[in-house]
1. Within region 165-201, find all residues whose amide N lies under 20 Å from a label point positioned 7 Å from the Cα of Asn208 along Cα-to-beta-carbon.
2. Please list the radius of gyration and Dmax for the chain, considering alpha-carbon atoms only, with Å as the unit.
3. Per residue of region 150-166, in order, report the coupling 6.51 cos²θ - 1.76 cosθ + 1.60 (Karplus, θ = phi - 60°) as ³J(HN,Hα) in whole Hz, putting x for Gly and Pro.
4. How large is the charge dipole for region 31-87, taken about the Cα centre, if only the Cβ atoms of Lys, Arg (+1) and Asp, Glu (-1) carry charge, to the nearest 20 debye?
5. Would you work out which of Phe168, Val223, Thr203 lies farthest towards the positive end of the dipole of the chain, given +1 charges on the beta-carbon of Lys and Arg and -1 on that of Asp and Glu, about the Cα centre?
6. Gap in Å between the Cα centre of region 60-101 and the Cα centre of region 119-191?
7. Using each residue's phi in region 92-109, evaluate 6.51 cos²θ - 1.76 cosθ + 1.60 at θ = phi - 60° and report the 3J(HN,Hα) Karplus result to the nearest Hz, with x for Gly and Pro.
8. Report the full-extension gain for the segment Arg103 to Glu61: residue separation times 0.36 nm, less the Cα-Cα distance, to one decimal in nm.
Amino acid sequence: MTGQAPGGATSGERPLRIMLRKLLSHSMMSTDDQRALENLPFTLRTLEANDYILREGSRAEACPILLSGFAFRQKHSAEGGRQIVALKTPGDPLDLQSLFLDRADHNLQALTAVQLASVPHRAWDRLIATRPGIARAVMIDTLVEASIGREWLLNIGRRNAKARVAHFLCELVYRLERVASRKIGALEVPLTQEQLADLMGLTPVHINRTLKALEADGGVARVARRLHIARLDRLADIANFSALYLHGLAA
């Protein structure tokens with residue numbers, strides 16, 4: 001498992017530029033709007049893997065931006081079963097909904113070690129109220145997240161296990177490349193088999209069989225118990241992957 005995601009904030013770069021790169025992947029913004037976004041006040045936080053960023057039922061006074069590493073949203077059933085409902089990658093605002101909704105309806109956890117920039121709600125409120133270009137970009141970002149959620153429902157509900165895992169891995173690469181603005185080549189997947197199972201709605205045993213099948217097809221490789229994406233084109237063929245639902249400017 002790796003704590004550093006391709007496309008994460010780079011040395012010498014202003015911390016919030018990674019969020020700006022993410023928003024610019026789907027929205028046009030003026031130079032003044034870009035500058036205003038980068039100049040938002042923030043507090044840096046570093047968390048370890050499995051630390052909670054936000055707990056279900058809590059109230060937030062700031063919106064964390066993921067600068068490096070990976071995080072995930074999860075919910076539990078009454079019987080204690082966990083479902084991972086979203087994976088967050090560098091550049092993602094993690095809790096914009098707390099600007100408008102009173103309490104968190106899910107848990108938000110660090111998947112790997114992460115660095116966050118927490119922007120106070122009052123700063124977001126002022127920016128959105130005075131800069132319609134930024135307000136539009138934020139709205140589009142929330143709509144893209146909803147689109148990803150719909151695709152995940154289809155993925156879990158209607159695709160077979162092999163296509164399901166392949167589709168998720170294709171999405172992960174595509175999202176990271178959009179923020180990095182470059183091809184990232186081979187990628188170490190930051191999830192264990194148990195975490196993949198909770199994300200895919202499968203058992204760890206089924207995930208293990210599925211990964212063996214994808215490995216035989218040349219799409220993934222496993223080295224020292226770590227999963228690597230080896231051939232994105234093979235995974236895309238297996239999943240019949242289309243990036244339309246990610247709504248990039250070049251999609």
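1. 165-166, 189-201
2. Considering the chain through its Cα atoms, Rg and Dmax are 17.9, 54 Å.
3. 5, 5, 5, 4, 4, 4, 6, x, 10, 8, 6, 4, 5, 5, 4, 5, 4
4. Result for region 31-87 is approximately 220 debye, rounded to the nearest 20.
5. Result: Val223, furthest along the dipole toward the positive end.
6. If we compute the Cα centre of each part, the gap is 12 Å.
7. 6, x, 8, 8, 4, 5, 5, 5, 10, 10, 6, 10, 5, 9, 7, 9, 10, 10
8. Stretched out fully, the Arg103 to Glu61 stretch lengthens by 14.1 nm.
Each value in this text was obtained by applying a stated rule to the coordinates, not by laboratory testing. Just so we're clear, the structure is a prediction, and the values are computed from it rather than from any experiment. Neighbour counts are summed over all protein chains in view; Cβ atoms, including those assigned to glycine, are modelled from backbone coordinates with ideal geometry.
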